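A quick write-up on the structure given underneath.
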Amino acid sequence: MNLHEYQGKEMLNSFGVQIQRGIVAQTPEEAVAAAKKLTEDTGTGWHVIKAQVHAGGRGKGGGVKLAKNLEEVKEIAGQIIGMHLVTPQTSAEGKLVNQVLVTEDVYYPGESETSEYYMSVLMNRATGRNMIMYSTEGGMDIEAVAENTPHLIFNEEIDPALGLLPFQARKIAFNLGLSGKAFKEMTKFVSSLYTAYVKSDSSLFEINPVLKTSDDRVIAVDAKVTIDENALFRHKDYAELRDLREENPVEVEAKAVGLSYVDLDGNVGCMVNGAGLAMATMDLIKQAGGEPANFLDVGGTADAERVEIAFNLILKDPNVKAILVNIFGGIVRCDRVAQGIIEAYKSIGNIEIPIIVRLEGTNADIAKKLIDDSGLDVHSVVEFQEAADKVQEVLA
């Protein structure tokens, strides 16, 4: 589950991570009130207006702008709220901006230069350990840094039995070239950040940039936080932070009825029971020259109602040119699934794209006969290769 920047910052701050202070606003008038409040509390004269959407690269799309007075705060907030923000991480249509974060200006003059760093905490799945990835090249595309100057990216792995040790936090501060007060501030920042990551059951923290201010404070200027949904039962307050407006509406609808659905960019819809079979089916579609349009696991109770819901979800995608149903009847009987498919097909009506059905397992022969005798425009197959050939045929 992704959080907005302002939500992520509030979470980090609750664990002692120093942040760039800000107030979220839904309207230009609220943005002005937020700016006045920040001026009173922090003394900041300039403000940064940031679009709050679940996507990176907001600055490149015009979603992050500096306002030097209250008139500019209102004008910029009015421009950003309601816009469809297009970034390298969104579709061509972009994302609708419903709110902005009005923040203090932390790039003020001082005795020393400001510096921006990159830092993230995530799981290294190759070793099964958490790691802190960091770089002196903050504020830039970390992918470009990794490709062009990989020697500027550092990793610090953490032993899960010991947690982050003090020497590791000091090592990170040293590798970032810090000394004096900034060195101490960075070690505190790193320790608090890792504590927040573990105790919040997150799967990703990405802070870009981490800023060393001109008076040697170390703060999070941005925050990308992803919570592990499997741990939300331990964090009821985090579950309430979900913004469904930012999520794919079809995926939200599927989740509400207990289906595992992930939207993809292909042209062949998949309806499968079991995650492993679903992955194999997607490989099958690729082998046949198609592209999977979705991942859809209907689970072990593929009755008529569930199948109809699944069909309706797949048919919401205008790019789908065919549907492949691949069900293994172990606990669920194939003839019952076949009857569900027939009933769902008749209930929906007017399905204009070809449907290929492969039912294997308990009562598979009965299921195939039911499909073949239904008189519906449904292609029944038995073998994986036969399914691949049929997909290739209908896409030709």
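Looking at the range 30-55 only, could you name the residues that are touching a residue at least 40 places away in the same chain (Cβ under 8 Å) and of a type in the set (A, V, I, L, M)? Those that are touching a residue at least 40 places away in the same chain (Cβ under 8 Å) and of a type in the set (A, V, I, L, M): Ala31, Val32, Ala34, Ala35, Leu38, Val48, Ile49, Ala51, Val53, Ala55.
Looking only at residues in the range 55-71 that are within 30 Å of Asp263 (Cβ to Cβ) and surrounded by 17 or more Cβ atoms within 10 Å (Cβ to Cβ), the one that is farthest from the chain's Cα centre (by Cα) is Val64.
Report yes if Val307 is β-branched (Val, Ile, Thr) and without any contact (Cβ under 8 Å) to a residue 40 or more places away in the chain, otherwise no. So Val307 passes the test. Residue check: Ala161 meets all listed conditions (1) touching a residue at least 12 places away in the same chain (Cβ under 8 Å); (2) surrounded by fewer than 16 Cβ atoms within 10 Å (Cβ to Cβ) but one, namely (1). Those strands (runs of 3 or more DSSP E) of the range 129-243 in which at least 2 residues are assigned by TED's automatic domain parsing to the domain that holds Tyr118 and either over 21 Å from the mean Cα position of the chain (by Cα) or among the aromatic types (Phe, Trp, Tyr) (or both), considering only elements entirely within it, cover 129-135, 153-158, 202-212, 218-220. Scoring Glu156 on the criteria (1) more than 25 Å from Ile49 (Cβ to Cβ); (2) in contact (Cβ under 8 Å) with a residue 60 or more places away in the chain; (3) buried (at least 17 other Cβ atoms within 10 Å of the Cβ) leaves a single failure, condition (2). Which residues, counting only those in the range 2-18, are on the phi < 0 side of the Ramachandran plot and either surrounded by fewer than 22 Cβ atoms within 10 Å (Cβ to Cβ) or touching a Gly at 6+ places or on another chain (Cβ under 8 Å) (or both)? Answer for the range 2-18, where residues must be on the phi < 0 side of the Ramachandran plot and either surrounded by fewer than 22 Cβ atoms within 10 Å (Cβ to Cβ) or touching a Gly at 6+ places or on another chain (Cβ under 8 Å) (or both): Asn2, Tyr6, Gln7, Lys9, Glu10, Asn13, Ser14, Phe15, Gln18.
Consider the range 72-115 and keep the residues that are touching a strand residue (DSSP E or B) at 6+ places or on another chain (Cβ under 7 Å), surrounded by fewer than 18 Cβ atoms within 10 Å (Cβ to Cβ) and in contact (Cβ under 8 Å) with a residue 24 or more places away in the chain. The one that is nearest to Met186 (Cα to Cα) is Thr114. Where strands (runs of 3 or more DSSP E) sit wholly within the range 44-107, those with at least 3 residues that are under 24 Å from Met1 (Cα atoms) and either in contact with a Pro (Cβ under 9 Å, 6 or more places away or on another chain) or of a type in the set (A, V, I, L, M, F, W, C) (or both) occupy 100-104.
The values are calculated or read from the model by the stated rules, or taken from the named source; none is laboratory data. Keep in mind the model is a prediction, meaning the values are calculated, not measured. Because the Cβ atoms are built from the backbone with ideal geometry, glycine has one as well, and the counts that use them run over all protein chains shown.
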